[in-house]
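Presented below is the structure to which this report refers.
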């Protein structure tokens, strides 16, 4: 049986929730970073899924807007990883830690 | 470029030159001397030409719509205040001593000069925008000076307090001024020019109700700046914490801005607005005279007492303003002048006492007249001037204000009752001044203190101020000649 | 510049030149001051022969329709008063040359005296209320400076402060009265006011209030009950000052001012009644207090109070309705006549007391003196002449003036009785003083070593004694008050008064002859009816208490609750919000997530 939109969305939501939980709970900033990527993937998945069932009768929608958007997100995420990892490295050099609870200089 | 532009720009230029590395004290003194002489020239010219009209006009149009002009001019009232400013600035720069703690005193003298320039600009501006802006220019260095060069442990807290307090006051005032600008500009030609905002006689574009509600923020805003009761609690701590020249300049000159604003802006532009709040103003000024007077009696420290006495005397000036006739307004301006000089004198003397003694607590001092006769005599002059003794300009202004309130008063109205009550302030001020004087300078010496007498460098400014007070006290017409019909003119 | 203006300004010039230039040269300062007083006296002799009237004016202050002038007016009473001021002033200056010879603050002292002469002449010559008020305040200052001459003595410093403050209370009323009058009539000149009052009618209650307020000024300056407390304390000043300021001239300024506004007293009968009764009360209370004092100067001070009470009472009768008509100027002339004679004999008594104090090495307690008549005969005899004049023995000056005053009080029996009792008490306490000081044995070493004072101090005593003898005769006063304008006693009043005076003297002598302390001690009189204590209590409770309360309110309510309160409120809100910004990344993310959920929820609700 072919999975319906609900299944896709379920998987996507699950991915997002796991990612979000990781962001909230993990201490290591690299893991948090990976969880963020996971949340982005969840969003990508639901984008593609909505495209696949997007014409109203369970058939793919017209055009390739969703794919373009997904590629866009992947490209941005890659750039983000490049910048983000560089920041993390710099942060580690400055603070000798990658644990978020030690990074509270924004405290008001 | 007129002489008035020069007077305003000289201190600014001197401040810039100090910033660029010039010798701070020499430049400041030179600017103060130049301004003193120019101020005298302006005053004498005004006496010759009469004070009813604006002289020395200059203007640079900055914007056409809304019309914004950097313009200056002086009439009699501005002329008196300009004279006051240059005299007090001169004395304040002269009494600034070398012991500035850290640095060469660059910031110190720059701030002093900017306060003077701001005050002069505000008193001469013909434009509502610059009238306000110049006052703000003068306030900021005041805060800095208190925070950096002030006295006592609480100087930073006090600097913050008056920053916020006066900031709020200025903000409320700004609201009122904007309302004035919006509602009084001629249709289709928005302008900041005070003269163009003034309604033509007999036909005011605004209803009494509207005037009333625009007048309120002006009254509160100016009131906060002048320490009108109950917005007075910033004044005494600020003056106690401020370095001597700043206390002299602020209490003597800058505080007059609010009163000047009442006479120049609020009252002429919104005559009916004032009528609506007259009763309230009378109650508040009685608060200044009687309530703050009593507060002054129970002060334990000399500097706070003098600060509170300055607050108290503001009540008389408001009383003169509330009389709404030329006598009262003339008396009010004369009192601004007299009070400005006498309070600057008191702060100058209080400052030199502070340098010599380990405390200014009145009850712990005594019998100092023996070891510092010059200071004792000059302080006596200052104290007697402050309590309004004949022979000093303060008396002339007080009596003028009292007579103004009873002008053509066949029966006792609210103004007359308030004046009789305000008369009691004359007794109150004698009580605190003489108590302090008796306790500090007279009686037996307390402790083993033989402090040195007033320094030679301080004597010129102190004597200058006393001479001016006596001169204008013996011949108040010197000042009043410039203000014969102030009420009608405005 | 007229003569009167020179009389007014010359002492000011002297005072200013001492202050500005020559204060380091004490002797020169003294001579400059004495010379100015001497020239003023000579000019006065010229002035009082003149025709009077206006003597020039100077517009002191003019703005918007208000004109305050320094203008001089010379009337009959002015001439009498200016003679008293310059003559007694000159004698006191000369006496001071001896009395203050070795004082460290001699230059300051003489500058003060000159300043006083300037201020007092200003009061006397004033032609309007504003000018009078100006000089009224100035005499207060010069009195302050002179009482506090020895400012390093706590008691002198306190006394000068008290004198100034009490006078300020009076001045408060005076100014209020002037303002009320000005508001109603638009005039402040004496002659202009008199004319206005003749032409127009005004609300009588307003006039009464104005007059009562103006009288407050006289109550302060002339030390009437209830503001009398400063005068006895003012004796802390040097004795010549007490003679000049606190006996002959300044304290009489209140009475002089009242005589100047007689027309107003006539128009304000209620105020007139207040004036009479205040005067009578002062006369009686002060005489009672004088009987139990032991400081020679304080006795004379209370005596001055009591005599001033007489004068005020007499002037008050100007507005007394006698069979439908006010007694009028006759009464105030009687008051002024007493002022005139009193100036001579009271200045004499004070200077005599000064000579005694000087001879006894600054001892003021009469119970440490005694037998001085043998050691300093000139002083003693002139003092006794002054005493006799004060007690009202004929034919000395006090007899005539007291007769005039009592003749006025014959309009009202209770006040007549008060006056008679006071007359008896006056004779009694003066006889007590003389008996103890001049007769009997010396009671201390200082009194045994006393000797006659130098000529410079004796001469003024003799001249004043002469004045005390003759001032009551017509040739000595007729040139400024016509005898017909003085009241004349009915019946046997002069005889009765003489008997009362003699009785008082005899009683005083018999009671105190050879005693070492008062035979009768009345605590309440010694403590001056506890009035000082009562005032101290009032000041403590009301003024200082209220002031303290006001300060507390200021600090707690206005500065604490309102100003700091709003500051605290801002800070508090800030603190609350600060908790949200922990700086913890994950908390921010969580809140962010929660926020998004809430936003989505709200959008869902909004969409239906």
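The values are calculated or read from the model by the stated rules, or taken from the named source; none is laboratory data. Since this is a predicted model, take the numbers as computed values, not measurements. All Cβ positions, even for glycine, are placed from backbone atoms using ideal geometry, and neighbour counts span all protein chains on display.
Structure data summary
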| item | result |
| --- | --- |
| Residue B:248 being crowded, with 24+ Cβ neighbours inside 10 Å and within 14 Å of another protein chain (Cβ to nearest Cβ) | no |
| Verdict on residue B:436 being buried (at least 16 other Cβ atoms within 10 Å of the Cβ), in contact with a helix residue (DSSP H, G or I) (Cβ under 7 Å, 6 or more places away or on another chain), more than 10 Å from chain C (Cβ to nearest Cβ) and closer than 19 Å to residue B:345 by Cβ | yes |
| Filter result (part of a helix (DSSP H, G or I) and either within 17 Å of residue B:407 (Cβ to Cβ) or touching a strand residue (DSSP E or B) at 6+ places or on another chain (Cβ under 6 Å) (or both)) within segment B:301-316 | B:316 |
| Output for segment B:16-38, where each listed residue is crowded, with 16+ Cβ neighbours inside 10 Å and without any contact (Cβ under 8 Å) to a residue 12 or more places away in the chain | B:17, B:22 |
| Members of segment A:53-107 that are assigned to a loop (DSSP other than H, G, I, E, B) and either in contact with a strand residue (DSSP E or B) (Cβ under 7 Å, 6 or more places away or on another chain) or surrounded by 11 or more Cβ atoms within 10 Å (Cβ to Cβ) (or both) | A:53, A:54, A:55, A:58, A:60, A:61, A:64, A:97, A:98, A:103, A:104, A:106 |
| Qualifying position, being within 14 Å of chain C (Cβ to nearest Cβ) and over 23 Å from residue B:357 (Cβ atoms), among B:267, B:312, B:262 | B:312 |
| Residue match in segment A:26-41 (condition: in a helix (DSSP H, G or I) and either touching a strand residue (DSSP E or B) at 6+ places or on another chain (Cβ under 6 Å) or over 22 Å from residue C:584 (Cα atoms) (or both)) | yes |
| Evaluation of residue C:169 against (1) in contact with a helix residue (DSSP H, G or I) (Cβ under 6 Å, 6 or more places away or on another chain); (2) surrounded by fewer than 24 Cβ atoms within 10 Å (Cβ to Cβ); (3) within 22 Å of residue B:431 (Cβ to Cβ); (4) away from chain B (no Cβ under 13 Å) (one fails), failing number | (4) |
| Residues within segment B:189-240 that are without any contact (Cβ under 8 Å) to a residue 60 or more places away in the chain, within 14 Å of chain C (Cβ to nearest Cβ) and part of a helix (DSSP H, G or I), tallied | 2 |
| Condition check for residue C:160: under 24 Å from residue B:334 (Cβ atoms), under 18 Å from the mean Cα position of the chain (by Cα), facing another protein chain (nearest Cβ under 10 Å) and surrounded by 22 or more Cβ atoms within 10 Å (Cβ to Cβ) | no |
| Per-region count, segment B:409-428, residues free of Cβ contacts under 8 Å to residues at least 24 places away in the same chain and either more than 7 Å from chain C (Cβ to nearest Cβ) or in a helix (DSSP H, G or I) (or both) | 8 |
| Lone unmet requirement of (1) over 16 Å from the mean Cα position of the chain (by Cα); (2) surrounded by fewer than 24 Cβ atoms within 10 Å (Cβ to Cβ); (3) modelled with pLDDT of 90 or more; (4) within 14 Å of another protein chain (Cβ to nearest Cβ) for residue C:187 | (3) |
| Any chance residue C:63 is in contact with a helix residue (DSSP H, G or I) (Cβ under 8 Å, 6 or more places away or on another chain), more than 14 Å from every other protein chain (Cβ to nearest Cβ), closer than 30 Å to residue B:478 by Cα and surrounded by 20 or more Cβ atoms within 10 Å (Cβ to Cβ) | no |
| Single residue of B:137, B:100 found to be within 24 Å of residue B:343 (Cβ to Cβ), at pLDDT below 90, surrounded by fewer than 23 Cβ atoms within 10 Å (Cβ to Cβ) and in contact with a helix residue (DSSP H, G or I) (Cβ under 6 Å, 6 or more places away or on another chain) | B:100 |
| Test: residue in segment C:204-215 that is more than 12 Å from chain B (Cβ to nearest Cβ), closer than 22 Å to residue C:72 by Cβ, in a helix (DSSP H, G or I) and modelled with pLDDT under 90 | no |
| Residue in segment C:74-91 that is within 14 Å of chain B (Cβ to nearest Cβ), under 22 Å from residue C:131 (Cβ atoms) and in contact with a strand residue (DSSP E or B) (Cβ under 6 Å, 6 or more places away or on another chain) present | no |
| Set B:460, B:389, B:360: member being within 28 Å of the chain's Cα centre (by Cα), exposed (fewer than 15 other Cβ atoms within 10 Å of the Cβ) and modelled with pLDDT of 85 or more | B:460 |
| Failed condition for residue B:113, given (1) over 27 Å from residue B:350 (Cβ atoms); (2) over 16 Å from the mean Cα position of the chain (by Cα); (3) at pLDDT 90 or above | (1) |
